[in-house]
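S.K.: Take this structure first; my questions come after.
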Amino acid sequence: MSTIVTRIAPSPTGYMHIGTARTALFNWLYARGRGGKFLLRIEDTDKERSTKEATEAIFAGLDWLGLDYDDAPVFQAERAERHVEVAHHLLEIGKAYRCFATPEEISAFREEARAAGRSTNFQSPWRDIPESDHPNAPYVVRIKAPRQGETTIEDQVQGHVKIKNETLDDMILLRSDGSPVYMLAVVVDDHDMGVTHVIRGDDHLNNAARQMLIYDAMDWPLPIYAHIPLIYGPDGKKLSKRHGATSVEEYKAMGYPAVAMRNYLARLGWSHGDDEFFDDNQAQEWFDLSGINKAPSRFDFKKLQNVSGQHMKAMDDAALLHELVGFTEIFATQVQNEEKRDSLIPAISSVKNGAKSLQEALDKMRFILVSHPFDMDAKAQASLNEQGLAMIRSLTPQLHNAKWTREDLETLFATITEEFSIGFGKLAAPLRAALSGRSVSPSVYDMMLILGREETISRLQAVIDTK
Ligand code: GLU
């Protein structure tokens with residue numbers, strides 16, 4: 001069996017849409033699970049949009065998502081000559097023709113057809129006029145599309161999609177300035193890149209029928225098509241900014257680990273039984289075109305958080321630390337100090353249960369990275385009232401000799417709560433404030449054990465000294 005070759009062919013838009021990411025993922029999974037190749041083609045024929053930055057956004061998106069591609073990326077615009085060559089070949093073999101119709105003539109044709117209730121698809125009179133009768137005037141190159149019968153797209157997701165040939169006009173291949181059209185470029189590139197499977201959004205389904213004309217005319221083997229339904233928002237309308245983040249960059253910034261994103265996106269429009277949580281190996285093994293749903297999927301932000309939380313919980317501490325270091329640069333510089341980085345390890349195991357994103361984990365660990373004097377949130381500030389301070393004054397000297405275990409600290413705290421006749425919460429709040437500056441943080445015990453005796457005492461003493 002020949003090697004499977006898939007591709008992602010994004011047009012640069014300035015950012016990477018989550019739908020493009022999902023299409024890339026499906027192609028990647030399909031190829032990787034079958035020892036095939038996954039290729040990248042940048043469809044940069046729209047000069048205005050295809051800036052360097054816009055192209056970089058695609059590289060960065062794929063890189064972050066961990067969707068590695070084979071071979072060097074192909075830039076469509078650089079291949080224009082080859083696209084033209086194919087159009088010329090079609091002219092030579094009589095599968096395409098020069099059309100000299102002027103825009104006015106085309107409009108007149110359409111108006112007449114409309115009035116007569118016929119199809120307004122332009123039928124060029126030049127289709128059958130021999131070259132010897134051609135004028136010396138500007139022309140476009142059109143393909144000779146079949147006028148009768150129907151074309152069937154055998155689609156792995158949509159089934160047999162039949163299109164009446166009379167609805168397909170003699171599509172332009174080369175414009176009057178000689179430049180190739182997008183539809184030609186896609187086919188030539190896919191063919192030359194050896195693409196065997198075209199898995200893409202179903203907004204391209206209609207293009208497939210027209211692209212098939214070119215394959216036919218060139219006598220090239222057709223790729224296998226799988227047109228996947230678009231992603232909808234929770235309300236069943238096409239996913240847009242109204243629903244929330246639509247770009248890969250935004251999800252990265254929110255702190256979803258790439259592995260969780262891959263898992264979530266894989267499930268968006270594809271299923272393998274009831275499996276919701278899986279790793280890359282399983283996804284590659286399971287992924288198949290037959291598991292792609294015909295109905296559009298709905299983006300479910302809660303589910304993403306859930307999957308993300310599960311992946312974070314499952315990650316080993318060192319891997320999670322690595323993710324966190326990569327997550328924010330501020331964080332990365334702070335943990336360049338190896339000692340500090342090592343001190344994060346025990347914290348990681350205590351924060352990873354329950355954190356749904358790297359951002360949440362980072363928030364929970366912030367107490368380690370701050371050094372006093374640090375900002376206090378209003379609630380934390382308020383808990384350092386007279387009673388709170390009195391408790392801290394009573395507790396701090398006793399910490400010098402306490403055994404630094406959870407049990408011993410619990411016993412010590414119990415003597416304080418008894419002394420002040422209060423519940424544990426009333427003691428925890430000012431301690432939390434003094435240790436982290438926050439009203440929400442990991443448990444006081446966890447913080448003390450992670451910070452160690454010296455740092456704990458120093459933070460408590462700082463509060464006593466400044467009050
Ligand atoms: N460039 C197209 C897009 O970004 C994809 C074309 C294709 O996959 O054939 O939507």
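Values quoted throughout were computed directly from the atomic coordinates according to the rules given, and no laboratory measurement underlies them. Note that the structure is predicted; figures quoted are calculated from it, not measured. In this analysis, Cβ positions are derived from the backbone assuming ideal geometry, glycine residues included, and neighbour counts consider all displayed protein chains.
S.K.: Checking Leu40 against (1) outside any strand (DSSP E or B); (2) on the phi < 0 side of the Ramachandran plot; (3) within 16 Å of the ligand (Cβ to nearest atom): exactly one of these is not met. Which one?
M.R.: Status for Leu40: all satisfied but (1).
Yes/no per residue for (1) under 16 Å from His191 (Cβ atoms); (2) surrounded by fewer than 20 Cβ atoms within 10 Å (Cβ to Cβ); (3) not aliphatic (A, V, I, L, M):
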{"residue": "Arg41", "(1), (2), (3)": "yes, no, yes"}
{"residue": "Thr45", "(1), (2), (3)": "no, no, yes"}
{"residue": "Tyr69", "(1), (2), (3)": "no, no, yes"}
{"residue": "Ala77", "(1), (2), (3)": "no, yes, no"}
{"residue": "Glu81", "(1), (2), (3)": "yes, yes, yes"}
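S.K.: Could you list, in sequence order, all residues of segment 23-36 that are of a type outside the set (A, V, I, L, M, F, W, C), within 15 Å of the ligand (Cβ to nearest atom) and touching a Ser or Thr at 6+ places or on another chain (Cβ under 9 Å)?
M.R.: Asn27, Tyr30
S.K.: Quick check on segment 147-171: of everything there that is within 22 Å of Cys99 (Cα to Cα) and either in contact (Cβ under 8 Å) with a residue 60 or more places away in the chain or touching a Ser or Thr at 6+ places or on another chain (Cβ under 8 Å) (or both), which residue is farthest from the ligand (Cβ to nearest atom)?
M.R.: Glu166
S.K.: Residues in segment 26-33: is at least one part of a loop (DSSP other than H, G, I, E, B) and touching a Phe, Trp or Tyr at 6+ places or on another chain (Cβ under 6 Å)?
M.R.: Yes - at least one qualifying residue is present in segment 26-33.
S.K.: Six or more apart or on different chains, Cβ atoms under 6 Å: show the pairs whose first residue is in segment 1-28 and at positive phi and whose second is part of a helix (DSSP H, G or I) and within 12 Å of the ligand (Cβ to nearest atom).
M.R.: Going by the 6 Å Cβ cut-off, the qualifying pairs are Gly14/Ala54.
To keep it simple, each residue is scored yes or no on (1) more than 15 Å from the ligand (Cβ to nearest atom); (2) under 24 Å from Ala361 (Cβ atoms); (3) of a type in the set (Asp, Glu).
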position	(1), (2), (3)
Trp220	yes, no, no
Tyr225	no, no, no
Pro229	no, no, no
Lys237	yes, no, no
Ser240	yes, no, no
His243	yes, no, no
Thr246	no, no, no
Glu250	yes, yes, yes
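S.K.: One residue is enough: does segment 137-149 have a residue meeting the conditions hydrophobic (A, V, I, L, M, F, W, C), farther than 30 Å from Ala9 by Cα and surrounded by 14 or more Cβ atoms within 10 Å (Cβ to Cβ)?
M.R.: Within segment 137-149, not a single residue is hydrophobic (A, V, I, L, M, F, W, C), farther than 30 Å from Ala9 by Cα and surrounded by 14 or more Cβ atoms within 10 Å (Cβ to Cβ).
S.K.: Can you work out which of the residues in segment 247-274 that are part of a loop (DSSP other than H, G, I, E, B) and touching a strand residue (DSSP E or B) at 6+ places or on another chain (Cβ under 6 Å) is farthest from Ser290 (Cα to Cα)?
M.R.: Here the answer is Leu268.
S.K.: Then there is this: Six or more apart or on different chains, Cβ under 6 Å: which pairs go from a residue in segment 210-221 that's touching a residue at least 12 places away in the same chain (Cβ under 8 Å) to one that's away from the ligand (no atom under 13 Å from the Cβ) and part of a helix (DSSP H, G or I)? Could you list them?
M.R.: Ala217/Leu90
S.K.: Taking the condition of being assigned to a loop (DSSP other than H, G, I, E, B), within 16 Å of the ligand (Cβ to nearest atom) and hydroxyl-bearing (Ser, Thr, Tyr), how many residues in segment 1-22 meet it?
M.R.: Total meeting the criteria: 3.
S.K.: Sticking with this structure for a sec: For segment 50-70, which positions are of a type in the set (Phe, Trp, Tyr) and touching a Phe, Trp or Tyr at 6+ places or on another chain (Cβ under 6 Å)?
M.R.: Tyr69
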